[in-house]
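Derivation of every value follows stated rules applied to the coordinates shown; laboratory data play no part. Given the structure is predicted, the values throughout are model-derived calculations rather than measurements. Positions of Cβ are generated from backbone atoms using ideal geometry, with glycine treated the same way; all protein chains shown enter the neighbour counts.
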Amino acid sequence: MKSRENLIQFGLLITALSTIVIHLLIALFIFQEGLPIILRVGINEFVCGTHWSPQQGQFGIFPMIVGTAWITAGAILVSLPLSLSCAIYLSEFSTPKVRGTIKPIIELLAGIPSVVYGFMGMVILFPMIRNHLGGAGPSILSASIILGIMILPTITSIAIDSLQAVPYSYREGSLSLGATRWQTIRMAILPAAKSGILSGIILGIGRAVGETMAVIMISGNSVIIPNSLFDPARTLTANIALEMNYAVGDHRQALFATGIVLFITIMILNIIANVLSRRGVEK
């Protein structure tokens, strides 16, 4: 019996180590392919350069960084109020039956293919933006709205779990002191669940930064520094997906270097999320 348990433990250990090794090999491959062009062009010129013209040897990805930042920030502004409101309702006001029905439905949204979201943006959002707000349709605004809907399940699910993890004594203590139910939520429960909610927000940001297909379909993909929500933009992921098919030489290396920037960004976001989660558990 013990030998069987040791064998299972060894198999699980090998599986865990193989996952780590695979990720390390992927990271090594990306850095091996992309680092030479960064060193040759210069980090400052590559990251802060405003001109992307591989045929002319110009590899500045700053417009894509700005486009990614604009769209991600817009997605968070769209998703956060909806996600937090939904989490508070399901955690503090709804019955267990309602929560057990609505929460799985929200989580199912994460399983919808991104191309479907992109198609919905083209069919529904583009005409609405053109008819009521002006502009061509493909823009930062449309991409932010669609991405905000896409990351809503991630933030909502983690926020619900964080709110439910707050000890019930917090609620009883606040209510016994004369606080209303909303005052209890605002002044006791939300601060106690802050670390978990922030972790969900950061993971949502990571999802938005890494999204590709839907963004390609609705953002416009123009390599410019946007000045308004109605301007088209190109993200880092969209740049890789659009050009990798025909890129060769320095152009191909520059796309891998763009992947390095994305890799580092996502790693930093995940580290921050893990740190915040540990702080929440310790508290």
Practice item. Determine the gain in length on full extension of the stretch F29-D250; use 0.36 nm per residue of separation and subtract their C-alpha separation, reporting nm with one decimal. Key: 78.0 nm
Study note, to complete from the structure: The rounded separation in angstrom of the Cα centers of the range 1-47 and the range 121-140 is 41
Practice item. Name the shape class, rounded, prolate or oblate, that the alpha-carbon gyration tensor gives for the range 203-255, where a ≥ b ≥ c are the square roots of its eigenvalues, rounded holds for a/c under 1.5, and otherwise prolate holds if a/b is larger than b/c and oblate otherwise. Key: oblate
**Study point:** Over the range 1-100: Kirkwood hydrodynamic radius from C-alpha pairwise inverse distances, Å
**Key:** 19.1
Point to revise | Calculated FRET value between N6 and H132, using beta carbons and R₀ = 45 Å, to 0.05 | key: 0.10
Review point. Taking R0 as 41 Å, what's the FRET efficiency between S94 and A69 from their Cβ-Cβ distance, rounded to 0.05?
Key: 0.70
Review point. After finding the eigenvalues of the alpha carbon gyration tensor for the range 2-48, what semi-axes result from the square roots of 5 times each, listed largest first in whole Å?
Key: 42, 8, 5
Point to revise | Packing-based order for 233-240, 19-26, 267-274, using average beta carbon neighbours within 10 Å, highest first | key: 233-240, 267-274, 19-26
Revision key, fill the gap. Total charge of the residues flanking I185 in space, meaning their Cβ is under 10 Å from its Cβ, with Lys and Arg +1 and Asp and Glu -1, is +2
**Study point:** Structure-derived Rg and Dmax of the Cα atoms in Å: which label, when the choices are [x] 19.2, 57; [y] 22.3, 71; [z] 27.7, 85
**Key:** [y]
Study note, to complete from the structure: Cβ-Cβ cut-off under 13 Å around G57, Lys and Arg +1, Asp and Glu -1: the net charge is -1
Point to revise | Percentage relative contact order, the chain, counting C-alpha pairs under 8 Å, at least six apart | key: 27
Point to revise | Dipole of the chain, positive direction: furthest Cα of S219, S174, L12, with charges on the beta-carbon | key: S174
Review point. What is the distance, in nm, between label points placed 7 Å from the Cα along the Cα-to-Cβ direction at L175 and at I225?
Key: 5.5
